[in-house]
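What follows is a single structure, written as structure tokens, with notes after it.
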């Protein structure tokens, strides 16, 4: 897992980097917010750990720029602050901050918050993928119905015409329609398999939560 740490205090940053490395995280560190967007577009990060109070671009400024390009579910941001003012913390959460940590910090706390946000992100990705699969299933089912009906009608008419005369073009058309029908059948089989996978996943999820 890759984390981007944004903190103007080198000593604190070194402490966090070393500590998170011990928990198996790869951490890139920058001293200011100006390079954040450049780095997250260039590299793949699972989370941004962002100091609130920095000279130049503040943590809130950096958060606003990140949220212009990434949703909270796409790139979680945890803000580190020395403030305990509820109003300001709530404001940061409203602006798209996923979580916050108040100073003084411990590596165990940072690692636990990081793990929670990355886990939530992965669960969201899995849920989104399943939703997309369900939409695909609905589309495929509709297409099967809409395509198969006229195909069968066309095939019946062509076969009747072939019984009366030997029309080469009709034979070619019939072969083409048979091929289309076979393709639709393959799509239908795929749809059935994906439904079985979804049903199996739902049963497994139910058993875990039961």
> Percent relative contact order of the stretch 35-79, based on C-alpha pairs within less than 8 angstrom and at least six residues apart?
Replying inline: 52 percent
>> Per-residue counts of other Cβ atoms within 10 Å, averaged by peptide: what ranking do you get for 113-119, 55-61, highest first?
In response: 113-119, 55-61
> So how much slack lies between residue 14 and residue 161, counting 0.36 nm per residue of separation and subtracting their Cα-Cα distance, in nm?
Replying inline: 44.7 nm
> Tell me, what is the percent relative contact order of the stretch 2-105, built from C-alpha pairs under 8 Å that lie six or more residues apart?
Replying inline: 25 percent
> Label points 7 Å out from Cα along the Cβ direction at residue 95 and residue 44: separation in nm?
Replying inline: 3.0 nm
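Where a number appears in this text, it was derived from the coordinates with a stated rule and is not lab data. In this text the structure is predicted, and so the values were computed from the model without any measurement. All Cβ positions, even for glycine, are placed from backbone atoms using ideal geometry, and neighbour counts span all protein chains on display.
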